[in-house]
Amino acid sequence: MSNSLFADASRRLEKALKYVSISEDASLRLKYPKASIRVSIPVRMDDGSLRVFQGYRVRYDDTRGPGKGGVRFHPNVSIDEVQSLAFWMTFKCALLNLPFGGAKGGITLNPKELSKSELERLSRGYIDAIADFIGPDIDILAPDVYTNAMIMGWMMDQYSIIKRRISPGVVTGKPLTMGGSQGRDSATAMGAFYAINTILPKFDRIPEKTTIAVQGFGNVGSILAELLSKAGYKVVAVSDSQGGIYAEVGLDIPSIRQYKNKQNGMKAIYCKGSVCNIVEHKVISNADLLALDVDVLIPAALENQITADNAHDVKANFIFELANGPITSDADAILESKGIYVFPDILLNAGGVTVSYFEWVQNRSGLYWTLNEVNQKLKEKMVEETQNTWAISQDLSVSMRTAAYIHALNRLGEAMDAKGTRDYYLKKV
Ligand code: NAD
């Protein structure tokens, strides 16, 4: 059995395929990415030397619309990872009923080692290399791990220069001043917040009596931790790549975010007026955090965090996946046997791509929405598709993950079959 991330992702598809009646042609096509490109990006460094970086873009499927997916800058980026992320995007967009297919991109590097101007040259070089592979009606980019609005702005500008026309619709997650949408920064966390608030009441859980641990304190994890703590949930532990902190009484997340933004580290501080006191807290490792005796565990960092090696240690009752692919398929089976409810990434973190879709719509119509309008529309989508997925999981007695794939597969299969017979005869020639 292959241990690649993509092979693991495909096992979820195989499981869900047993419950749907889509055509054999459609299910076979969904097992392969439609198109992939690997590029070398030469970048002149500040000291005058030249470095060549490896970049990728995978368009997994575009039956339901142009490819859509983020660009990741990380030392572990590989074609296997990018393809898996593009696969998840395909199912996520179908699950949320967005008119997009799935895609993803990435560059293998440690972005912390590059200066701002080196990062800008790298981002522009990536677009130079893939410009013919992307476009507002072909494949649309967005931020992911270690990329942000500033980088999206450079990418959109470079694409517009190459095409000699302003093309805001080729990239989402841009700065507001370049056609970005209100609410895009917080969209993934906000979407998860709406989904969590739809799910937990089904188990008679109330915020004040629910303890939460969040792994990953970046864009997604830190904003969600703050939303949850402001709603009354007790966030008792948070962590980043350096480690974590735990306080049984609950953490003051807004002040930890403030501290982390200033110091790039973690400390439990409580601010009263202008005085901040360090409160009692334990320093814990990421492994400790995953094994905490809490009600809710939220992995919001990277993939493959809960595996067959540590799944037995998990004590939480509910896991909400905010990162893409944080749990391996063999760990899924262990968690299920322990009675732990897992709510899958393709549903829980779909708020980001949903507001990306809203941004693309605003760019094309030229009419921009208020933050309230964006959040209201996001809430409607997230609540509706969370309820639909829940209903499938109850009707068929399957996990929420399998239910989410079934729901997405039905839409993908229908779209593939609606395209008629052209592809069938093309393949026969
Ligand atoms: P980010 O770069 O802002 O934050 C990542 C965080 O994870 C950082 O705090 C980092 O220190 C921490 N981290 C890294 N390695 C870790 C480790 N081994 N243990 C614990 N923490 C670790 O990235 P982000 O945008 O918040 O994305 C996080 C996850 O959410 C990724 O899986 C990403 O694909 C997914 N996601 C993000 C979005 C989005 O809109 N940003 C949308 C959908 C899914």
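The residues packed around D288, meaning those with a beta-carbon under 13 Å from its beta-carbon, carry a net charge of 0 if Lys and Arg are +1 and Asp and Glu are -1. Rounded to the nearest whole Hz, the Karplus-based 3J(HN,Hα) values (6.51 cos²θ - 1.76 cosθ + 1.60, θ = phi - 60°) of the range 242-250 follow the sequence 7, x, x, 10, 9, 9, 4, 6, x, with x at glycine and proline.
Among the protein heavy atoms, those of V279 account for about 40 Å² of accessible surface (1.4 Å probe, every chain in place). Determine the sum of side-chain charges near K267: Lys and Arg each +1, Asp and Glu each -1, restricted to other residues whose C-beta is under 13 angstrom from that of K267. Combined, the nearby Lys, Arg, Asp and Glu give +1. Once the chain from N264 to S4 is taken as fully extended at 0.36 nm per residue, the excess over their C-alpha distance is 90.3 nm.
Please work out the average accessible area per residue across the chain, using the 1.4 Å probe convention, and give it in Å².
Working: 18380 Å² over 429 residues.
Value returned for the chain: 43 Å² of accessible area per residue.
Going through the cross-link list K34/K377; K262/K381; K282/K379; K116/K163; K92/K174, which pairs have a Cα-Cα distance over 27 Å in this structure?
Numbers: K34/K377 31 Å; K262/K381 35 Å; K282/K379 36 Å; K116/K163 25 Å; K92/K174 21 Å.
Beyond 27 Å between Cα atoms: K34/K377; K262/K381; K282/K379.
Between V279 and I138, what FRET efficiency comes out of the Förster formula 1/(1 + (r/R0)^6) with R0 = 35 Å and r the beta carbon distance, rounded to 0.05? Don't skip to the answer; put the middle values down first.
Working: r = 51 Å, r/R0 = 1.47.
The pair I138/V279 has a calculated efficiency of 0.10.
With the helix formula -39500 (n - 2.57) applied to DSSP H stretches of n ≥ 4, the chain reaches a computed 222 nm mean residue ellipticity of -13500 deg cm²/dmol.
If you look at the Cα atoms of the range 181-429, you get an Rg and a Dmax of 19.8, 76 Å.
Phi angles across the range 122-139 convert, under the Karplus curve 6.51 cos²θ - 1.76 cosθ + 1.60 with θ = phi - 60°, into 3J(HN,Hα) values of 5, 4, 5, x, 4, 5, 3, 6, 10, 3, 7, 9, 10, x, x, 10, 10, 6 Hz, Gly and Pro given as x. For the range 110-121, the Karplus equation 6.51 cos²θ - 1.76 cosθ + 1.60, evaluated at θ = phi - 60°, returns couplings of 9, x, 5, 8, 9, 6, 4, 6, 5, 4, 5, 5 Hz by residue, with Gly and Pro reported as x.
Of the beta bridges in the range 181-429, as assigned by DSSP with both residues counted there, near 40 percent are antiparallel.
P(r) for the chain: what percent of alpha-carbon pairs falls in each 20 Å bin, starting at zero? Answer for the chain: a P(r) of 26, 59, 15, 0 percent. Computed over protein heavy atoms with a 1.4 angstrom probe, the accessible surface ordering of T370, T172, largest first, is T370, T172.
At a 1.4 Å probe radius, which order do R51, R64 fall into by accessible area, largest first? Could you put the intermediate results ahead of the total?
Working: R51 100, R64 50 Å².
These residues rank, largest area first, as R51, R64.
Can you give the % of DSSP beta bridges in the chain that are antiparallel, to the nearest 5?
Details: 28 of 53 bridges.
Expressed as a percentage, antiparallel bridges in the chain total about 55.
Carbon-plus-sulfur accessible fraction, the chain (probe radius 1.4 Å, protein heavy atoms only): 50%. Loop sites by DSSP among the GluC sites (Glu not before Pro) of the chain, restricted to those with at most 12 other Cβ atoms within 10 angstrom, leave 1-247 as the longest stretch without any of them. Scanning residues 5 or more positions from Q215 or on other chains, those with amide H under 5 Å from its amide H are I298, A300, with H placed 1.01 Å from N in the peptide plane.
Net charge in the neighbourhood of F343 (other residues with Cβ under 15 Å of its Cβ; Lys, Arg +1, Asp, Glu -1) is -1.
The values are calculated or read from the model by the stated rules, or taken from the named source; none is laboratory data. Just so it is clear, the model here is predicted, and its values are computed rather than measured. We place every Cβ from the backbone using ideal geometry, glycine too, and count neighbours over all the protein chains shown. What goes into the accessible areas is simple: the full protein's heavy atoms, side chains included, and nothing from ligands, DNA or RNA. Shrake-Rupley method; radii C 1.70, N 1.55, O 1.52, S 1.80 Å.
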